[in-house]
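This report concerns only the one structure given below.
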Amino acid sequence: MENFVTIRTKTLKPEIRLGFNVYIKVGKRNLLYTRAEDDFDEERLKSLNEKKVKKLYIPSNDEENYQDYLQRCLDWALSRTDDSGAEVITGACASSIENFYDDPTSQASYKAAEGAAKGIIKALSKKEGILKEIFDGGGEEEVHIKYAINVSTLCVKLGETISLSQSEIEVLSLAGLLHDIGRIKMPIETHHLFETDYEKFTNEDWKSYKDHPRLGAEMMQDKEYASRDLIQLILLHEEKLSGEGFPNKTRDLDSKAQVLSLVCAFYREVFFLKKEPGEVIKDFMMNQIGNYELELMKTFKKVLKQVQLT
Ligand SMILES: [Fe+2]
């Protein structure tokens, strides 16, 4: 039987040749909806939207063709003045993370996440203000997916501001999307911890939560296609320069590992604990000194202002 992966309807743009068959789910079956040689016209996309069809399906061996198509959609969307660029980006990131969570052993999902992560970099370099559009848009994604997309976007922005190399920014963007994958190896009754204030954690809660970076890194360890830098970043994303992070109390963090750890810690409070971004960064500038290089924290504060998050 053919394997299928989900794609988001909002990543499809009108009059761009597909290059892969698209299927729609009817009951338990996937029925051919549009042929590879065709495109979606405006009317058809509108009708899918009206029927609230958010996901369609493509054969998993067409993943590469879908990535090509996404690049063409992204170029088209970025040339427009509306927020369709942000839509393509969040849609591509959301389907890739979702497919990855469904089947972390799939190389196709990994490649798709890599493609989506590069899309974030491209969008940020081409369009002023897209970061805010990504942050403000969407909303129908599962909360952890939305969180990961926004973390990745902020990591790219901060990484570029401190002049990390292109390859460092690429792995950082991917790590932003996938850093919490260890969550899927944790018992479901502990999943709420990702959205809970640390101050409310019991000792038992800490014990399970502290394990998620290691579980995530282990999941990727034997995948020869996974970048070693990515695995290292997943393992380090909760560590601090002070040695007060977890799981290994590592102090040895390079700039990109600090960027990821800082952005994750900051955005967790904003997104899940609903704290005001300006207050969170103010608090970090007092209470997280020593956890990150001071210059990095100051730059992050400026970046937040620049992208109008504070
Ligand atoms: Fe985490």
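Yes or no, residue by residue, for (1) crowded, with 18+ Cβ neighbours inside 10 Å; (2) under 22 Å from Glu218 (Cα atoms); (3) not assigned by TED's automatic domain parsing to the domain that holds Ala92:
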position	(1), (2), (3)
Phe135	yes, no, no
Glu140	no, no, no
Gln166	no, no, no
Val171	yes, yes, no
Lys185	no, yes, no
Glu189	no, yes, no
His192	no, yes, no
Glu195	no, no, no
Lys200	no, no, no
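Working only within region 113-142, note down all residues that are assigned to a loop (DSSP other than H, G, I, E, B), of a type in the set (D, E, K, R), within 23 Å of Val303 (Cα to Cα) and in contact with a helix residue (DSSP H, G or I) (Cβ under 7 Å, 6 or more places away or on another chain). Result: Lys127, single match. Those helices (runs of 4 or more DSSP H) of region 214-304 in which 2 or more residues are within 12 Å of the ligand (Cβ to nearest atom) and of a type in the set (Gly, Ala, Ser) occupy 255-271.
Inspection of region 188-203 finds a residue satisfying the criterion of being on the phi < 0 side of the Ramachandran plot, within 13 Å of the ligand (Cβ to nearest atom) and touching an Asp or Glu at 6+ places or on another chain (Cβ under 6 Å).
The values are calculated or read from the model by the stated rules, or taken from the named source; none is laboratory data. Everything quoted here is computed from the prediction, not taken from an experiment. Backbone-built Cβ (ideal geometry, glycine too); neighbour counts: all protein chains shown.
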